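Right, one structure below, let's go through it.
The values are calculated or read from the model by the stated rules, or taken from the named source; none is laboratory data. Because the structure is predicted, anything quoted here is derived from the model rather than measured. Glycine also receives a Cβ, built like all others from the backbone with ideal geometry; neighbour counts cover every protein chain displayed.
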Amino acid sequence: MHLSIQNLGKVYQDGKTALNGFNWELERGIYGLLGPNGAGKSTLLEILSLGLMPTSGKVLWDGWDIQKKPNAFRRILGYLPQNYGFYPELKAWQILDYMGRLNGLHGRRLKRRIGEVLEIMGLGNDAKRKVRTFSGGMRQRLAIAQSLLHSPQILVIDEPTTGLDPGERVAFRNMLFDLGRSCVVLLSTHIVKDVEYSCHQMSLLYDGIQRFTGEPSEFMKRVEGRVFETLIPFEEFPKFSKEQCVIAIQERGKVVTVRFIASNGVHEIPGAQPVRANVEDAYVDFMRQCGEEELIDEEVV
Amino acid sequence: MKKSSEKVVMSSIIPRGLAKKVHRLLERHLPPKVMDWLSQFWIQTRILFSRTLILMVVAMFAVFTWATIKEEIYKESDAFSFLILQSLALAILLHMNLWETEREGRTFELLIMRIPGVNRLIWFKMRVSLLWNFLLLLPFSLGFMWFLTIPLWRELLYLFFLMTVSVFVALLTCVVSSFVKRGLPTAIIVAIILTMASSFTSAGELPAKEYFQFFIFPMNEWLFENWSHKRLAIMLIVNRLFFLSVAGLLYWWFYRRLQKTEKWIV
């Protein structure tokens with residue numbers, strides 16, 4: 001079970017480079033793809049799901065090129081696109097039955113799998129309900145259920161937790177953990193906490209370029225020792241936010257608690273206490289750096 | 001409480017539990033492949049008839065046909081003109097929302113993931129809509145055959161020609177819908193294109209215009225009276241070849257449109 005993405009690139013017809021020289025080796029487990037909107041995440045996922053043809057590079061599954069054997073790859077791929085929908089007038093089991101048959105499942109095996117995936121997703125009691133009566137979270141779970149029907153070996157999920165409430169998000173992460181033990185799960189998101197809590201490896205895309213690949217803990221190291229919290233008077237906050245990279249702010253009467261990444265050393269800010277960094281801090285710092293680089297590039301041009 | 005904006009669906013007219021009983025019964029007795037096809041047919045049918053407009057127009061056609069069949073239509077040529085009109089209307093109605101429903105419901109991406117290849121996806125969707133086109137045409141056509149005592153071989157030929165017209169119009173509607181994206185404007189544009197095309201091919205003394213008419217029928221009385229059998233046979237072949245090339249061109253165009261899904265879906 002090994003997915004190898006080699007020097008993958010995609011240039012659209014209008015000349016826009018959506019992805020440039022992306023490399024990644026994936027084995028069983030959960031992998032997170034992070035990046036702002038328009039970074040190239042969905043393009044990468046669409047290439048992996050055979051919806052788009054790359055303009056350069058290749059993707060190998062256990063050594064064979066997925067573009068050369070698309071049908072064989074589809075049989076082992078579960079894909080949940082960012083934009084998807086269901087026929088609202090159909091019941092949950094009817095949708096799974098339909099999708100399963102399109103995947104080549106029949107009879108008892110199909111019936112058993114429908115029951116299993118509905119149970120895994122916590123929709124066992126809602127099988128006979130029409131999809132239009134489902135909440136956003138239930139639809140999302142049903143969407144994942146349909147992608148699991150044919151027991152895929154690789155699961156590609158685009159922005160799965162968007163629109164889920166905190167409880168559903170936690171349940172989703174737990175479910176991902178179980179899936180990650182039996183297949184390759186590639187999760188694209190811009191919710192950093194999802195990557196921090198559930199992925200054992202992550203890759204960061206910015207402007208179509210791969211900027212980091214490794215463990216989330218490794219990514220966090222870039223801000224280790226630079227994340228602080230301090231109390232400052234409310235009226236000083238505008239000046240403070242211009243000088244420091246503020247991550248979070250909480251109002252407490254006439255003062256505010258500010259979590260920030262110190263760029264030039266903490267000693268300039270009296271009373272600032274170091275706190276444990278997380279992936280979100282590192283991500284914000286990274287994005288700020290990318291923004292600054294872009295500004296410098298523009299100035300050079 | 002049911003909202004007024006909800007679409008009319010077939011399930012509302014089918015007794016509760018009946019569909020499930022039928023499903024179980026069929027699954028017990030039919031081979032898996034047939035069951036798969038029936039399941040896909042059933043779902044696609046529900047999607048196809050989820051628009052009230054389609055059901056209304058089909059019902060209107062039925063009432064109109066049975067009310068006028070004995071009073072107004074005495075000749076085969078009149079019957080054929082009526083059937084052509086019906087075939088055109090049905091093909092437009094059944095296909096104007098065929099892809100729009102998938103696009104609007106955002107089910108297109110899930111489908112294309114499971115049905116590899118644009119050709120197979122087109123075939124998957126259109127075989128059901130064209131089958132319904134045929135099934136809805138059949139009772140009217142058989143009705144004419146009964147009342148006007150048309151021989152079976154001629155009846156079958158009528159049906160063949162009507163279905164070729166339907167295929168052409170269906171493809172044209174699909175191409176237009178991939179640009180326009182909304183059902184009703186698609187139908188209006190297709191109707192305008194067809195009117196222009198038919199008035200061009202029947203305008204004045206256009207040389208050999210019969211060869212290039214989309215909706216010509218070889219047993220046309222005028223042709224029978226004025227043309228030799230040999231000339232008729234040539235006309236028939238050339239006319240159908242022309243039709244096939246135009247339909248092929250439309251298919252290729254639509255195929256290319258579907259290939260650019262990233263532009264079409266959004």
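Being free of Cβ contacts under 8 Å to residues at least 12 places away in the same chain, surrounded by fewer than 18 Cβ atoms within 10 Å (Cβ to Cβ), over 30 Å from A:Ala282 (Cβ atoms) and not aromatic (Phe, Trp, Tyr) narrows it down to one residue among A:Lys68, A:Lys16; which is it?
Criteria check complete, one pass: A:Lys68.
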Restricting attention to segment A:165-193, which residues are of a type in the set (Phe, Trp, Tyr) and surrounded by fewer than 18 Cβ atoms within 10 Å (Cβ to Cβ)? A:Phe177
Which residues, taken from segment A:128-144, are in contact with a strand residue (DSSP E or B) (Cβ under 7 Å, 6 or more places away or on another chain), crowded, with 18+ Cβ neighbours inside 10 Å and not β-branched (Val, Ile, Thr)? A:Lys130, A:Ala143
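Here is a yes/no grid of residues against (1) under 19 Å from A:Leu50 (Cα atoms); (2) of a type in the set (A, V, I, L, M, F, W, C); (3) away from chain A (no Cβ under 14 Å):
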| residue | (1), (2), (3) |
| --- | --- |
| B:His95 | no, no, yes |
| B:Arg106 | yes, no, no |
| B:Leu111 | yes, yes, no |
| B:Arg114 | yes, no, no |
| B:Gly117 | yes, no, no |
| B:Leu121 | yes, yes, no |
| B:Ser129 | no, no, yes |
| B:Pro139 | no, no, yes |
| B:Phe144 | no, yes, yes |
Out of the residues in segment A:209-235 meeting the condition of being among the basic types (Lys, Arg) and at pLDDT below 85, tell me which one is surrounded by the most Cβ atoms within 10 Å (Cβ to Cβ). A:Arg226
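Does segment A:126-161 hold any residues that are within 27 Å of A:Glu27 (Cβ to Cβ) and among the polar types (S, T, N, Q), and which are they?
Taking segment A:126-161 first, the residues within 27 Å of A:Glu27 (Cβ to Cβ) are A:140-141, A:143-161.
A:Gln140, A:Gln146, A:Ser147, A:Ser151, A:Gln153, A:Thr161 - these are the residues of segment A:126-161 that are within 27 Å of A:Glu27 (Cβ to Cβ) and among the polar types (S, T, N, Q).
Keeping to segment A:92-124, report how many residues are assigned to a loop (DSSP other than H, G, I, E, B) and either within 14 Å of chain B (Cβ to nearest Cβ) or free of Cβ contacts under 8 Å to residues at least 40 places away in the same chain (or both).
Of segment A:92-124, the ones assigned to a loop (DSSP other than H, G, I, E, B) are A:103-106, A:121-123.
The next check asks that each one be either within 14 Å of chain B (Cβ to nearest Cβ) or free of Cβ contacts under 8 Å to residues at least 40 places away in the same chain (or both); those that pass are A:103-106, A:123.
Number satisfying all stated conditions: 5.
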Restricted to segment A:145-161 and to residues being more than 14 Å from every other protein chain (Cβ to nearest Cβ) and modelled with pLDDT under 85, the residue surrounded by the most Cβ atoms within 10 Å (Cβ to Cβ) is A:Pro160
Only one of (1) under 30 Å from A:Asn83 (Cβ atoms); (2) at the interface with chain A (Cβ under 9 Å from one of its Cβ atoms); (3) assigned to a helix (DSSP H, G or I) fails for B:Met35. Which number is that? (1)
